[in-house]
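Data block below; observations after.
The values are calculated or read from the model by the stated rules, or taken from the named source; none is laboratory data. Every value quoted in this text rests on a predicted model; they were computed, and no experiment measured them. Methodologically, a virtual Cβ is constructed for each residue, glycine included, from the backbone with ideal geometry; neighbour enumeration extends over all protein chains shown. Quick note on the areas: whole protein, heavy atoms, side chains included, nothing else; ligands and nucleic acids left out. Shrake-Rupley method; radii C 1.70, N 1.55, O 1.52, S 1.80 Å.
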Amino acid sequence: MEWHSRSAAAVMDELKVSPSRGLDEREAANRLEEYGSNVLRKEKKKSLILVFFEQFSDFMVLILLGAAAVSFIISVLNGDADFVDPIIILAIVIVNAIIGVSHESRAGAAIEALMKMTAPETTVIRGGRKIRIAAAEVVPGDILSLESGDLVPADARLISDSSLKAEESSLTGESLPSEKSASVILPENLPIGERKNMLFAASVITSGHGIAVVTATGMNTQVGHIAGMLNSGEEPMTPLQNRLANTGKVLGIGALAICALIFLLGIFQQRNPLEMFLISVSLAVAAIPEGLPAIVTIVLAAGVSAMAGKNAIIRKLPAVETLGSATVICSDKTGTLTQNKMSVTEIRGMSGTLNKSGGEAAAILSLTALCNNSSISQESGGYSGDPTETALITAAADAGINRKTLTDSFPRVDELPFESSRKLMSTLHRKDGGYRVITKGAPDVLLNVCSMAEVNGKPVPLTDELRRNINSMNSDMASNALRVLGAAYKDESARIPKDDFERNLVFKGLVGMIDPPREEAKAAVELCKRAGIKAVMITGDHVLTATAIAKQLGILCAGDKSVSGAELDKMDKRELEKNIFSYSVFARVSPEHKVRIVRAFQARGAVAAMTGDGVNDAPALKIADIGCAMGISGTDVAKGAADMVLTDDNFATIVEAVRHGRGIYANIKKAAHFLLSSNTGEILTIFAAFLMGLPSPLLPIQLLWVNLVTDSFPALALGAEKADDDIMEQPPISPKKSLFADGLALAIITEGLMIGSLALLAFSIGRAFFGVGGDVSVARTMAFSVLSLSQLVHAFNARSGKSVFKIGLTSNSKMTWSFALCLVMQLAVVMVPPFAAIFKVVPLNIPQWLTVAALSLMPLPLIELQKSVTNRDRRRDAVPTRA
């Protein structure tokens with residue numbers, strides 16, 4: 001129901017309650033039973049066991065489990081009790097499941113934070129008495145008695161108020177407290193920020209006091225609606241998760257197809273079925289990069305650690321990479337793009353714009369500093385109070401005005417407090433044996449109580465021309481999104497009554513304030529543009545204010561549009577999605593609007609990042625591809641719903657995070673490129689040997705060793721590669737692109753052919769020259785060693801598309817150390833008898849080792865030659881031809 005569009009009396013009639021008596025205890029108990037407790041419901045969480053077993057639904061994992069089962073059955077049928085292969089495969093699957101569980105969604109955190117924001121106790125009128133009750137017991141129809149500092153326990157319609165203001169920035173996005181008035185009756189379908197006769201759960205009374213009747217509790221409040229969206233909003237899969245899932249399906253289906261083909265061919269050739277099962281298991285193990293999920297997790301975790309040092313705390317690992325794919329950043333205005341504090345930016349007198357440190361400006365600021373109720377905070381030493389008044393005091397201090405000296409010279413003796421109905425505040429001060437009245441407030445209202453204006457230091461009659469001049473200056477300042485206050489005064493020889501304060505005043509000047517943009521935000525927005533990222537402002541503030549800030553920051557440029565929440569309500573889903581990229585500013589929006597905006601961008605294929613700090617941002621933060629909450633000014637609700645928290649509340653930090661995310665994605669792609677080309681080589685080795693009628697050159701346990709050890713360490717080292725210098729000059733990575741796009745699939749196949757050919761050549765040389773009586777132990781050992789060592793060498797090729805000698809063969813120290821470590825481990829497997837027995841290899845002599853070394857080094861010159869040709873062609877294509 002639109003309670004704000006009805007009178008207070010009509011609301012109380014509807015709720016059947018008297019403002020003086022409130023509800024009696026029996027009626028309150030009945031309503032508590034009818035409406036339920038005034039608490040927020042939490043989404044039921046999955047059990048840890050269920051989450052654990054969900055990790056086994058991945059296609060690659062199912063194939064590995066099948067391979068483990070087949071390997072186990074073969075061992076039992078052979079009667080050799082060799083269960084090393086299935087045990088290792090199961091260990092891999094379980095470790096990956098544990099990693100998945102540890103990073104499972106934290107859906108309930110935001111709801112728990114919302115619950116903490118609700119008041120534990122509140123004051124209500126029941127049976128004609130004021131009593132304190134638990135906020136959870138508040139019911140619709142309860143009469144609330146609220147004072148400055150109180151947390152509002154439920155949504156309520158004001159009945160009466162005295163200079164009441166409420167801090168609602170976490171709900172509306174506005175940096176200033178909202179002025180409230182019980183007497184107004186408003187149109188329907190207004191944004192929350194314009195419902196001046198309503199109070200909302202989780203907001204704070206900053207000044208004044210009032211009586212209100214509760215209209216909604218629990219999940220029916222505005223905060224409850226947000227909690228409902230958080231419960232129902234599904235977090236999208238990240239681009240990396242989609243790519244890995246698709247890669248897993250491709251590899252899995254490919255592995256099954258090859259296994260089936262080989263098994264059928266084997267049956268056709270009348271081979272031993274157990275032997276065919278063993279070869280199929282080998283192929284399944286070769287096809288699946290078992291270490292890839294763990295490597296991706298570790299690379300992302302390393303990125304998390306590095307980004308924490310740059311003021312970005314990642315709460316969900318895949319978010320690191322998702323940042324690199326971001327094509328749209330939807331940013332809240334207040335506290336994210338702006339400083340979330342009012343600041344005086346312009347002062348005008350009757351002569352026009354004034355120097356803020358000049359004498360005339362100081363005189364105007366002195367008036368606004370005296371007609372002011374801000375005080376010095378004992379905790380911070382700064383000013384506390386209404387943001388507008390603290391801005392005026394700060395500006396006076398910056399102009400060299402000592403507040404204490406000023407108040408000592410002009411001691412206050414009386415005050416006419418600000419009221420929203422008058423839009424003015426007046427104070428009376430002693431001055432040189434007489435008195436001075438000072439009034440500040442809305443310029444249009446202030447002019448109505450002025451009869452004079454100060455021109456060149458002297459009061460003169462306020463003519464129509466002067467009045468037009470003042471109104472013109474006011475309009476000009478307001479068009480730049482400034483909040484404008486006028487200052488006036490009059491001197492009296494004797495003390496006058498309050499009723500005469502605001503009569504026949506002398507107009508002094510205008511002061512313009514705004515919540516200014518962050519200095520570094522403009523540069524960050526410009527960098528976003530160069531990186532192909534659209535920056536969008538989403539705010540609960542006025543369109544005029546939002547547009548002015550957006551223009552200053554470079555968000556709103558020629559051809560861009562701004563749109564209000566009311567206009568969004570008139571658009572259907574299809575229209576919004578069609579035109580979404582033409583809008584750069586969304587103003588006066590609700591939490592529901594923010595969710596619609598993010599989903600519209602996503603529907604058009606964008607990877608949307610959402611930044612914000614308020615409760616009103618939380619639902620959009622959750623459903624965005626990546627939600628970024630502010631760490632200092634951000635509410636716990638926003639942090640709980642976000643994927644990343646910016647500890648310095650700096651919009652520029654997200655741009656640095658995007659840079660880091662792009663570098664991490666590039667490194668993950670390099671690692672996947674390396675691993676998949678190595679796995680392709682393993683598949684081709686086994687498949688080619690089978691087609692040639694040769695014994696299997698590699699055993700499952702040897703393939704597991706290569707995949708998990710001698711492949712994994714270099715792949716991890718690739719994750720530490722330095723990002724390209726021009727990475728932010730490149731367009732975002734399209735989420736529609738597969739991991740195999742841009743020629744990667746061809747590179748994987750050709751490089752896999754190379755590695756497979758070298759391993760098969762080593763096996764053939766071993767059989768032909770070193771085999772005795774058909775024994776393939778030496779040949780298999782040589783093939784195993786070449787496969788492992790050639791992949792170690794090939795890891796250097798995967799570091800860059802440029803020549804490894806140009807970027808520096810040892811410039812990545814982690815790669816150098818991983819090469820040395822894996823080399824030692826591979827030698828130990830072959831040369832240390834206990835290890836050799838496990839991996840079914842035999843010692844090699846010097847000629848055999850020399851053969852292994854020669855073949856293992858071949859990937860470096862071969863790929864260097866290929867890079868040279870490719871890069872030469874690219875340079876030639878990049879040179880413009882002459883006309």
Anything in segment 26-42 that is polar (S, T, N, Q), surrounded by 15 or more Cβ atoms within 10 Å (Cβ to Cβ) and either in a helix (DSSP H, G or I) or out of contact with any Leu (no Cβ under 9 Å at 6 or more places or on another chain) (or both)? List them, or say none.
Ser37
Name the residues in segment 697-731 that are outside any helix (DSSP H, G or I) and crowded, with 19+ Cβ neighbours inside 10 Å, would you?
Pro697, Leu698, Leu699, Asp711, Gly719, Glu721
All positions within segment 443-474 that are part of a strand (DSSP E or B), without any contact (Cβ under 8 Å) to a residue 12 or more places away in the chain and not charged (D, E, K, R):
Val460, Pro461
Of the residues Lys522, Lys440, only one is of a type outside the set (A, V, I, L, M, F, W, C) and not in a strand (DSSP E or B); which?
Lys522
Filtered residue count, segment 185-218, keeping only those that are out of contact with any strand residue (DSSP E or B) (no Cβ under 7 Å at 6 or more places or on another chain) and open to solvent by 30 Å² or more (accessible area, probe 1.4 Å):
9
Can you give me the number of residues within segment 485-510 that are open to solvent by less than 20 Å² (accessible area, probe 1.4 Å) and more than 19 Å from Asp444 (Cα to Cα)?
0
Listed residues Glu137, Glu167, Glu174; which is at pLDDT 85 or above, over 22 Å from Ser7 (Cβ atoms) and of a type in the set (Asp, Glu)?
Glu137
Of everything in segment 408-437 that's out of contact with any Asp or Glu (no Cβ under 6 Å at 6 or more places or on another chain), open to solvent by less than 60 Å² (accessible area, probe 1.4 Å) and assigned to a loop (DSSP other than H, G, I, E, B), which residue is modelled with the lowest pLDDT?
Arg422
Looking at segment 839-852, which of the residues that are surrounded by 14 or more Cβ atoms within 10 Å (Cβ to Cβ) and either small (Gly, Ala, Ser) or part of a helix (DSSP H, G or I) (or both) is modelled with the lowest pLDDT?
Phe839
Which residue is modelled with the lowest pLDDT, if the candidates are limited to segment 264-318 and must be touching a Pro at 6+ places or on another chain (Cβ under 9 Å) and open to solvent by 50 Å² or more (accessible area, probe 1.4 Å)?
Leu278
Please list, ordered by first then second residue, the pairs with beta carbon atoms under 7 Å, 6 or more apart or interchain, first in segment 169-181 and open to solvent by less than 10 Å² (accessible area, probe 1.4 Å) and in a loop (DSSP other than H, G, I, E, B), second of a type in the set (D, E, K, R) and at pLDDT 70 or above.
Gly173/Asp332; Gly173/Lys333; Gly173/Asp541; Lys180/Asp161; Lys180/Lys165; Lys180/Lys196
Those residues of segment 801-810 which are touching a residue at least 12 places away in the same chain (Cβ under 8 Å) and assigned to a loop (DSSP other than H, G, I, E, B) amount to Gly801, Lys802, Ser803, Leu809
When (1) closer than 25 Å to Lys423 by Cα; (2) not in a loop (DSSP other than H, G, I, E, B) are applied to Leu186, the one that fails is (2)
Would you pick out the residues in segment 32-56 that are at pLDDT 90 or above and either β-branched (Val, Ile, Thr) or farther than 20 Å from Gln222 by Cα (or both)?
Glu33
So is Gly640 outside any strand (DSSP E or B) and either open to solvent by less than 40 Å² (accessible area, probe 1.4 Å) or hydrophobic (A, V, I, L, M, F, W, C) (or both) or not?
yes
Cβ-Cβ under 9 Å pairs, at least 6 apart or on other chains, segment 669-696 side part of a helix (DSSP H, G or I), far side open to solvent by less than 10 Å² (accessible area, probe 1.4 Å) and acidic (Asp, Glu):
Phe674/Asp711; Leu675/Asp711; Ser678/Asp711; Asn679/Asp711
Residues of segment 752-783 classified as crowded, with 24+ Cβ neighbours inside 10 Å and either of a type in the set (Ser, Thr, Tyr) or not in a helix (DSSP H, G or I) (or both), total
1
If Val645 satisfies every condition in (1) farther than 16 Å from His794 by Cα; (2) open to solvent by 10 Å² or more (accessible area, probe 1.4 Å); (3) in a helix (DSSP H, G or I); (4) of a type in the set (Val, Ile, Thr) but one, which is the exception?
(3)
Could you grab me the full set of residues in segment 602-623 that are at pLDDT below 75, charged (D, E, K, R) and in a helix (DSSP H, G or I)?
none
